[in-house]
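Report on the structure given below.
The values are calculated or read from the model by the stated rules, or taken from the named source; none is laboratory data. Quantities reported herein were computed from a predicted structural model and do not represent experimental measurements. In this analysis, Cβ positions are derived from the backbone assuming ideal geometry, glycine residues included, and neighbour counts consider all displayed protein chains. Areas reflect the complete protein model, heavy atoms only, side chains present, ligands, DNA and RNA absent. Shrake-Rupley method; radii C 1.70, N 1.55, O 1.52, S 1.80 Å.
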Amino acid sequence: MAFLLPVLVATLAAATPMSQFITKQALPSVPEGWSLQGAAPADQQLNLHIRLKEENLDQLQKRVLEISDPDHKDYGKHLTKAEVDAMTAPTKDTVDSVTKWLSSHGVQAGELSSGFLSVSVSVDQAKKMLDADYGVYTHATTGRETVRATSYSLPQSVHSAIQMVQPTTLFSDLGLSDKKNMLPIQNKIETAHQVRADDACSSGDFNTKCLRQNYNINGYTPVKGNTTLGICGFLGEFPDSDSLSNYLSKYDDDIPSDTSFSYQTINGGRSTAGGQGEADLDVQIAVALVYPIETIFYSTGGSPPHGPGGEQNEPYIDWLKYTLALDTPSQTYSISYGDDEPTVPTDYADAVCAQFMKLGARGVSVLTAGGDSGAGGSKSCKNGQIDKFLPSFPASCPWITVVGGTYRHGADEAGFRDGGSGFSNHFAQPDYQSSVVKAYVATLDNSIKSAFNASGRAYPDIAAAYTPYPIFSGNFEGSSGGTSASTPTTASVIALLNDYLVSGGKSPLGFLNPWLYKKGFQGVRDIAKGASNVCSSKVAFPAKKGWDASTGFGVPDFAKLKQLV
């Protein structure tokens, strides 16, 4: 299979007899936007995630593709936690060599979880263990500080046993610095359109009654208690139940206004209302669309970067470890956070993507936002001309389903200029999408083909409305959107499909993409107009008949999809 996850990173330097250190990873330079302020305090505490070499990931990959293929005899036969753990667990020799190395530095290894050991060490200890010069770095745009290094090494004795250690070279902040996560909340402008009783979308915004109409969701009543929908929260975001109540009272008065959500905190995640509105946007969409299915907000602490005296954990890994440790995770998850792929070290990207593969093995459907910069923002142009497109992560991971953006509704719906789209420069194009992607690339103007990697994992896979969405913050009603709204909208549709399957005694959909590209696309309404842009105003990927890199296969039609599962 073309996108077999490799063991990264290649050795960059030979060990010397004296140091016996071998470089594991080195950044070519300090990431754009960051500047070194000085050495990190020696007593600064770091919570390190150490990913050990796991076994049989190639076999797991093969199995995930089999159970996700609607034509395979084992379709839907998902694995249990115990089965995934048994297949992929590091060998005893691997664990022993790493724990011995940690012990030599006076560090006690914690419990092994999904191939990871987590340890707390000082900067001084980490420097000795990893031959890493940790510094305090400041971001020019946000002023945020973090403690990071531009390279790290490992002794020869454990170099092959360890695949990643972070935080070291990961400067990414899940898109916070460039505000990629959602559109800023604006004052809601009352529509000049004549609102018609027979058209829930005539107001001009994508309230949940409009979404039900536009994506053919009306007429299905979910069963309470059989499944759950998970909304992932990072960066100190937590939804406000009063804001949700106000939303339901105005836009979904058929649902009791005291309907709320449950939550789980991970690594000291926030449990009181707060943030920039991302959590409110996600929850107000999801709770209304899937009612009475339980919506669970997973609040993960460790906003990166945040320091130098604060938390240094990497929230994706914390959330993934927590979720994979559950015997019964949610059947569907929505993630509205991402960052430019080049800002994410390859060892970290591979570690995260491998955990998404494990969730697919467990029968979990994960949907993530494609981003809000089209195929790349201003960084993709030089002197007013297109240079290189800028893909997003985790959208570039082939083991999750990526959601792009549209605007308008019904027959007028079209690809939106800022809907995230692109081709990975790291992950190879998976076989499940290669034929439709190659056919699409062949239709593109040759002048842009040098700007992206046509053999990389292509996204989005599907799309939904991008903007405008009404959102309540307390009693204030504003307007927002982005693929941060498109994603919980689409994830809600998938959650309804999973409810339909589980309530009928069947397995949930699990990893969606092989099914989507082979069969599910027949239940998606094709979008063949509009385009995603690059550098704000230049067309990057036009929407066309069939799959395209603006809207994927198009937008969901729940009633048609229900007939296909």
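Kindly give the semi-axes, whole Å and largest first, of the ellipsoid equivalent to region 313-365, taking each as the square root of 5 times a Cα gyration tensor eigenvalue. Please list the in-between numbers first.
Values: eigenvalues 85, 26, 23 Å².
Ellipsoid half-lengths, sorted descending, are 21, 11, 11 Å.
Which far-off residues, 5 or more places away or on another chain, put their amide H under 5 Å from the one on residue 53, with H placed in the peptide plane?
Result for residue 53 returns 162, 163.
Could you give me the percent of Cα pairs per 5 Å distance bin for region 337-384, shortest bin first, beginning at zero and ending with the bin that holds the maximum distance?
Spelled out bin by bin, region 337-384 gives 5, 15, 20, 20, 17, 11, 5, 3, 2, 0 percent.
With label points built 7 Å along Cα→Cβ from the Cα atoms of residue 109 and residue 195, find their separation and express it in nm.
6.1 nm
Per residue, how much accessible area does the chain show when a 1.4 Å probe rolls over the protein heavy atoms, in square angstrom? Write out the running numbers ahead of the final one.
On the way: 21150 Å² over 565 residues.
Result: 37 Å² of accessible area for each residue.
Within the chain, what is the longest stretch that has no GluC sites (Glu not before Pro) placed in a DSSP loop and near at most 15 other beta-carbon atoms within 10 Å? Show your work: numbers first, answer last.
Working: sites that count: 32, 111, 190.
Counting only loop sites that pass the neighbour cut-off, the longest clear stretch is 191-565.
Mind jotting down the distance between the C-alpha centroids of region 532-546 and region 505-522, whole Å?
27 Å
Rg and Dmax of the chain, using alpha carbons, in Å: what are they?
Every Cα atom of the chain included, Rg and Dmax give 22.9, 79 Å.
Tell me the angle of helix 431-441 to the major Cα principal axis of the chain, expressed in degrees between 0 and 90 and rounded to the nearest ten.
It works out to around 70 degrees.
Please give me, ordered by residue number, the trypsin sites (Lys or Arg not before Pro) of region 438-542 that lie in loop per DSSP and have at most 10 other Cβ atoms within 10 Å. Present the calculation step by step, with values, prior to reporting the outcome.
Numbers: sites: 438, 449, 457, 506, 518, 519, 525, 529, 538; in loops: 506, 519, 529.
For trypsin sites (Lys or Arg not before Pro) across region 438-542 that sit outside H, G, I, E and B with at most 10 neighbouring Cβ atoms in 10 Å, the list is empty.
Can you give the relative contact order of the chain as a percent, counting alpha carbon pairs under 8 Å and 6+ residues apart?
Working: 1397 pairs, mean separation 96.0, N = 565.
The value is 17 percent.
With Cβ to Cβ distances under 15 Å as the rule, what net charge do the other residues near residue 209 carry (K, R +1; D, E -1)?
Values: positive: 196, 212, 250; negative: 198, 199, 205, 252, 253, 254.
Once positives and negatives cancel, what remains is -3.
Given the DSSP H assignment, sum -39500 (n - 2.57) over each helix run of at least 4 residues in the chain and divide by its residue total; what's the result at 222 nm in deg cm²/dmol, nearest 500?
Helices in the chain give a 222 nm mean residue ellipticity of -8000 deg cm²/dmol.
Take the cross-link list 77/560; 209/562; 92/358; 92/506; 73/545; 519/545 and give me the ones stretching past 26 Å between alpha-carbons. Write down the numbers at each step before the final one.
On the way: 77/560 24 Å; 209/562 19 Å; 92/358 21 Å; 92/506 37 Å; 73/545 31 Å; 519/545 17 Å.
Among 77/560; 209/562; 92/358; 92/506; 73/545; 519/545, the Cα-Cα distance tops 26 Å for 92/506; 73/545.
Just to be sure I understand: if I project the alpha-carbon convex hull of region 440-514 onto a plane and average over all orientations, what area do I get in nm²? Please report the intermediate quantities before stating the final value.
Numbers: hull surface 34.0 nm².
For the Cα atoms of region 440-514, the hull's average projected area reads 8.5 nm².
Determine the share of the chain's accessible area contributed by carbon and sulfur atoms, expressed in whole percent, with a 1.4 angstrom probe. Provide the component values of the computation, followed by the final result.
Numbers: 10330 of 21150 Å².
C and S fraction of accessible area: 49 percent.
Going by the alpha-carbon gyration tensor, a ≥ b ≥ c the square roots of its eigenvalues, is region 424-565 rounded (a/c under 1.5) or, if a/c is not under 1.5, prolate (a/b greater than b/c) versus oblate?
Working: a/c = 2.15, a/b = 1.18, b/c = 1.82.
Oblate, since a/c reaches 1.5 and b/c is not below a/b.
Taking 0.36 nm per intervening residue step and subtracting the Cα-Cα distance, what contour gain separates residue 56 from residue 159 on full extension?
Values: separation 103, 0.36 × 103 = 37.08 nm, distance 1.88 nm.
Length gained, residue 56 through residue 159: 35.2 nm.
At q = 0.13, 0.32 Å⁻¹, what is the base-10 log of I(q)/I(0) for region 404-450 according to the Debye formula with one equal point scatterer per Cα and no solvent? Please give it to two decimals.
Treating every Cα as an identical point scatterer, log10 I(q)/I(0) equals -0.44, -1.10.
How large is the convex hull of the C-alpha atoms of region 47-112 per residue, in Å³? Mind showing how you got there, number by number?
Numbers: hull volume 6.4 nm³, N = 66.
Hull volume over Cα atoms, normalised by residue count, gives 96 Å³.
Give the relative contact order (percent, whole number) for region 30-179; include only Cα pairs under 8 Å separated by 6+ residues. Please list the in-between numbers first.
On the way: 225 pairs, mean separation 53.4, N = 150.
Over region 30-179, the number comes to 36 percent.
For region 192-248, run through the trypsin sites (Lys or Arg not before Pro) and keep only the ones in DSSP coil with at most 12 other Cβ atoms within 10 Å of their Cβ.
196, 224
Hey, in the chain, which Cys have no second cysteine's beta-carbon closer than 4.7 Å?
232
Beyond 23 Å, what percent of the Cα pairs of region 245-388 remain?
48 percent
What angle do you read, to the nearest 10 degrees and between 0 and 90, between the alpha-carbon axis of helix 92-104 and the longest principal axis of the chain?
Around 60 degrees separate the two axes.
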